[in-house]
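For reference, the structure discussed in these notes is given below.
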Amino acid sequence: MPCTHKIFPRKNLGLYLFSRLCTLRPSDTPVGPLMTTKTKRCSCCEQTLPIAEFGKNMQTPDGLSYYCRKCAYGKQQAYRKANPEAARAARRRYLDKLKERNRARAESPR
Ligand SMILES: [Zn+2]
């Protein structure tokens, strides 16, 4: 369990916001067991894999994707094939977001 604090609702598409409490965790709290020893069963291929094999998804109870990276990738590919329009639109939105972010950074350098 990476974080038991309440996750803020998703405001911008694809952007997950972490609880502030988590970013302010005391330094003696172990950080990182997440990527090492634990395993999780993939809901798709039903293999038990190290959780490093799972992507992040803050909407699930444990903060990890239901599917292993391979299955998630396969599902994404299948979705793109089945919905080329939606996939293109999603990519465009993603690139627009990046562009917007880069522009904002260029305009207000630290
Ligand atoms: Zn899998």
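Rule-based calculations on the coordinates, nothing more; no lab input. None of these values were measured; they are calculated from a predicted model. As a convention, Cβ positions derive from the backbone with ideal geometry for all residues, glycine included, and neighbour counts pool all protein chains shown.
Label separation (LYS70 vs ALA82): 2.1 nm, computed from points 7 Å beyond Cα along the C-beta direction.
Scanning residues 5 or more positions from LEU64 or on other chains, those with amide H under 5 Å from its amide H are ASN57, with H placed 1.01 Å from N in the peptide plane.
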